[in-house]
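Comments concern the structure below.
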Amino acid sequence: MEVKVQSKESNIKLLLLGRAVSLFGNTIYLIVLPLYILNITQNLKTTGIFFAAVNFPTIIISIFIGTIIEKFNKKNIILICDFLTSMLYFILFLYFKNFSSLTFLFLISFLVNIISKFFEIASKVLFSEINTAETLEKYNGLQSFIENTIMIIGPVIGTYLFAIFDFNLNSFYGVFFIFFARAIYKI
């Protein structure tokens, strides 16, 4: 019985670690994206419209995501989301080494946002499924602390990285998501 509880708790910790890594990458992306748009267009209005246009459809689609997720294995959804996000960031990295198209960036960002929403909801559902009544309070508090900390430091680090690397730091995101996929696969 003790081994099963330890295994369950290590799964919770791995999921929390994975969520933290993914949230960190997404938070950095969310700060770097408008900075990049502003950098290439030199127009704050265009930046705001682009950012709103990329995020608005995700709000609408997120209404239906929970229903879709309930029909499938949450762990597999998380793994697929991390793999797809890694691939999109890698494609974005390769593309922007030679070109810069707002249309292409819009498409990639739109897909990343939708995939991130699937990831977020699936990982929250999985988190509640693998927790017991005894561990829920303990790990809910830890999860909130981790997420709030990342929401504060992510934009600071993202701004700093953008100042140093411009938009080429997408390769770092791919590494974050691949790392998480490997961790979650063990759950």
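So here's what we get for this one:
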quantity	calculated
Flag for I49 being surrounded by 12 or more Cβ atoms within 10 Å (Cβ to Cβ) and in contact with a helix residue (DSSP H, G or I) (Cβ under 7 Å, 6 or more places away or on another chain)	no
Check on T103, assigned to a helix (DSSP H, G or I), loosely packed, with under 14 Cβ neighbours inside 10 Å and out of contact with any strand residue (DSSP E or B) (no Cβ under 9 Å at 6 or more places or on another chain)	yes
Scan of the stretch 56-81 for residues that are surrounded by 17 or more Cβ atoms within 10 Å (Cβ to Cβ) and either in contact with a Gly (Cβ under 8 Å, 6 or more places away or on another chain) or assigned to a loop (DSSP other than H, G, I, E, B) (or both), ordered by number	I78
Selection count, the stretch 82-100, where residues are in a helix (DSSP H, G or I) and either more than 14 Å from the chain's Cα centre (by Cα) or buried (at least 20 other Cβ atoms within 10 Å of the Cβ) (or both)	12
Selection within the stretch 88-110 - touching a residue at least 24 places away in the same chain (Cβ under 8 Å) and either within 23 Å of E147 (Cβ to Cβ) or aliphatic (A, V, I, L, M) (or both)	L88, Y89, L92, L102, L105, S109
Candidate set: the stretch 115-145, residues that are surrounded by fewer than 17 Cβ atoms within 10 Å (Cβ to Cβ) and of a type in the set (A, V, I, L, M); chosen: the one nearest to C81 (Cα to Cα)	V125
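We did not get these values from a lab; they are worked out from the coordinates using the rules stated. Values in this document were obtained by computation on a predicted structure and should not be read as measured data. Here the Cβ is made from the backbone with ideal geometry for all residues, glycine too, and neighbour counts use every protein chain on show.
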